[in-house]
Amino acid sequence: MNANPDVQLPAVSVIMPVLDEERHLRGAVQAILAQEYAGEMEVVIALGPSTDRTDEIAAELVRDDSRVHTVPNPTGRTPAALNAAIKASRHPIVVRVDGHGILSPNYIATAVRLLEETGAQNVGGIMHAEGENDWEHAVAAAMTSKVGVGNAAFHTGGEAQPAETVYLGVFRREALEQQGGYNEEFIRAQDWELNFRIREAGGLIWFSPELKVSYRPRPSVKALAKQYKDYGRWRHVVARYHSGSINLRYLAPPTAVCAIAAGLVLGALVTPWALVVPGGYLAAIVAGSVPAGRGLPLKARLQIPVALATMHMSWGYGFLTSPRALAKKVIASRRPAVLSAG
């Protein structure tokens, strides 16, 4: 990246919240340490109360490389982990990475260049879902298709441009400190909520397809359903907390849930013609799974409609059943904790 050897690259802090990540943690950290970036770098891992070998693997990583450090996150909650890692870090550029995310080799170098070129407060790119078995391949296909996630550029790709939010993110530290970091009441949707506050303060969030992070999907239908129910639940909290932050794309899953439920009830009690609605939805996701599954094994392709329906219905159900008490709790602590470099 550094074409001019006389120009000093900014130092970078990589922050990583982890909980039960023994399967992917070592690979994720190794991908960070192997970055093609000539500037100074540190990795701060915030350790939640894992029940697997995550802490042991983290200790080995610390022992093997002086750039790696750990901090405790006794709550196990992602936003608390992120804030703890930010406080313990010290460099002007802050890169968020998850314990199951694999950075492309030039990710940090490209992100630092884009921050300079665009003047953005946060830059991010594509959440490149990749599976390791037939089910995960099916989920990855669903998560990278427009029938699965709409027009979200960080899932499906697109042109470099200003964005509402981006996947993970590479921040200027002053933007994080100005906003007081992540709101720790947002168990989910904390990225969207933080980026909304940055934009409200006049900051630019920038999406670029040049940035890519490999992502491992949830390993079962149950885990995927819980993930997307939580997404919908907390996206509704964001909508209550920040008026005007909702758009039609977010209303599609709850609308689909209501329409399908009504169609099933009316079809059973009133007229079979009402079954056209759930039947039409089923036909749509089956048709949408065909291009999404191109090139995948047959077993994976057959599971794509299941993944799509799980994502849509769980997100919509979570949105519809999101309790107002969550929003009240969030509003009661409107200002996130103040951050300072360690």
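Within segment 140-153, how many residues are modelled with pLDDT of 80 or more and surrounded by 15 or more Cβ atoms within 10 Å (Cβ to Cβ)?
So the count comes out to 8.
Can you find even one residue in segment 191-198 that is at pLDDT 90 or above, over 15 Å from the mean Cα position of the chain (by Cα) and under 20 Å from Ala111 (Cα atoms)?
yes
For segment 98-126, how many residues are open to solvent by less than 20 Å² (accessible area, probe 1.4 Å), at pLDDT 95 or above and part of a loop (DSSP other than H, G, I, E, B)?
Matching residues across segment 98-126 total 1.
Working only within segment 297-309, note down all residues that are out of contact with any Gly (no Cβ under 7 Å at 6 or more places or on another chain) and open to solvent by less than 20 Å² (accessible area, probe 1.4 Å).
Ala307
Looking only at segment 154-180, how many residues end up being at pLDDT below 95 and touching a Pro at 6+ places or on another chain (Cβ under 8 Å)?
6
For segment 61-81, which positions are in a helix (DSSP H, G or I) and surrounded by 14 or more Cβ atoms within 10 Å (Cβ to Cβ)?
Once the filter is applied, which keeps residues that are in a helix (DSSP H, G or I) and surrounded by 14 or more Cβ atoms within 10 Å (Cβ to Cβ), segment 61-81 yields Leu61, Val62, Thr78, Pro79, Ala80, Ala81.
Let me confirm something: among Gly263, Gly267, Gly280, Gly295, which residue is on the phi > 0 side of the Ramachandran plot and more than 24 Å from the chain's Cα centre (by Cα)?
Gly295
Against the definition (within 27 Å of Glu132 (Cα to Cα), touching a residue at least 12 places away in the same chain (Cβ under 8 Å) and open to solvent by less than 10 Å² (accessible area, probe 1.4 Å)), how does Ile32 come out, yes or no?
Yes: the conditions hold for Ile32.
Of the residues Gln121, Gln161, which single one is without any contact (Cβ under 8 Å) to a residue 60 or more places away in the chain, within 23 Å of Ile205 (Cβ to Cβ) and over 13 Å from the mean Cα position of the chain (by Cα)?
Gln161 is the lone residue from the list that is without any contact (Cβ under 8 Å) to a residue 60 or more places away in the chain, within 23 Å of Ile205 (Cβ to Cβ) and over 13 Å from the mean Cα position of the chain (by Cα).
Please work out if Glu159 is surrounded by fewer than 22 Cβ atoms within 10 Å (Cβ to Cβ), closer than 19 Å to Glu117 by Cβ and not hydrophobic (A, V, I, L, M, F, W, C).
yes
Output the helices (runs of 4 or more DSSP H) that fall wholly within segment 232-342 and possess 1 or more residues being modelled with pLDDT of 90 or more and of a type outside the set (Gly, Ala, Ser), or say none.
Ranges flagged: 248-269, 276-292, 298-320.
Quick one: in segment 1-31, of everything that is small (Gly, Ala, Ser) and assigned to a loop (DSSP other than H, G, I, E, B), which residue is modelled with the lowest pLDDT?
Here the residue is Ala3.
Every residue, every condition in (1) open to solvent by less than 20 Å² (accessible area, probe 1.4 Å); (2) touching a residue at least 60 places away in the same chain (Cβ under 8 Å); (3) not charged (D, E, K, R), yes or no:
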{"site": "Glu177", "(1), (2), (3)": "no, yes, no"}
{"site": "Ile187", "(1), (2), (3)": "no, yes, yes"}
{"site": "Glu193", "(1), (2), (3)": "yes, no, no"}
{"site": "Gly202", "(1), (2), (3)": "no, no, yes"}
{"site": "Arg218", "(1), (2), (3)": "no, yes, no"}
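The values are calculated or read from the model by the stated rules, or taken from the named source; none is laboratory data. This one's a predicted model, so the numbers in the text were calculated from it and none came from an experiment. Quick reminder, even Gly has a Cβ in these numbers, built from the backbone with ideal geometry, and neighbours come from all protein chains shown. For the accessible areas, the whole protein counts, side chains as well, though only heavy atoms, and no ligand, DNA or RNA atoms are used. Shrake-Rupley method; radii C 1.70, N 1.55, O 1.52, S 1.80 Å.
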